[in-house]
Amino acid sequence: MREYQSGSADAAGNATFGPGLVFEGKLSFQGQVRFDGTFTGEITTDDLLIIGETAKVSADITCGSVVINGEVNGKIKARDSVELKGHARVKADIVTPSLVMDKGVVFDGYCNMMDKRDVVSLPTCDERRKSWQSGGRGNKHQDRRQNREVIETQPADLSAQ
């Protein structure tokens, strides 16, 4: 799990969005960010995202790590870890290799924990921009769907056990 530092901003890319901030859209950043306001949309980072106690977030989150103390609804995909702390209220599907949940947290959702080697690396800002400019998803997503259909249509033979 990553350690996070307090403070409003510094050269390492740390920033804090206060409780009065209301934001809707797509947020992409580098460095550690703490969010205490209201957010609706999509958040993408390779780094640490901290959702503060007063935050209300409805978003699809793709990140390196996330620490949640407030309210989150949506989907969370974290390459390193997800920490649900204090009185966090999370209604989300989570994919991460490491999940930490404090006593008192409210969690409603699905959690898929996999080995770090199985988690697909997150695209860089430049890769996301190129994908967006070229019209979205490439053929690799289509190939995954075709593979899933093949797997789902093959019945399992349990008689050999």
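The residues of region 52-115 expose, per residue, 44 Å² of accessible area to a 1.4 Å probe. Shape analysis of region 48-110 places it in the rounded category; the axes a ≥ b ≥ c from the Cα gyration tensor give an a/c below 1.5.
Applying the Karplus relation 6.51 cos²θ - 1.76 cosθ + 1.60 with θ = phi - 60° to region 63-78 yields 3J(HN,Hα) values of 8, x, 9, 9, 10, 10, 10, x, 10, 9, 10, x, 10, 10, 10, 10 Hz, where x marks Gly and Pro. Placing a label point 7 Å from the Cα of residue 108 along the Cα-to-Cβ direction, the residues of region 36-80 whose backbone N falls under 13 Å from that point are 72-74.
The values are calculated or read from the model by the stated rules, or taken from the named source; none is laboratory data. The structure displayed is predicted, hence computed values, not measured ones. Every residue, glycine among them, receives a Cβ derived from its backbone with ideal geometry; neighbour counts consider all protein chains shown. For accessibility, only protein heavy atoms count, side chains too; no ligands or nucleic acids. Shrake-Rupley method; radii C 1.70, N 1.55, O 1.52, S 1.80 Å.
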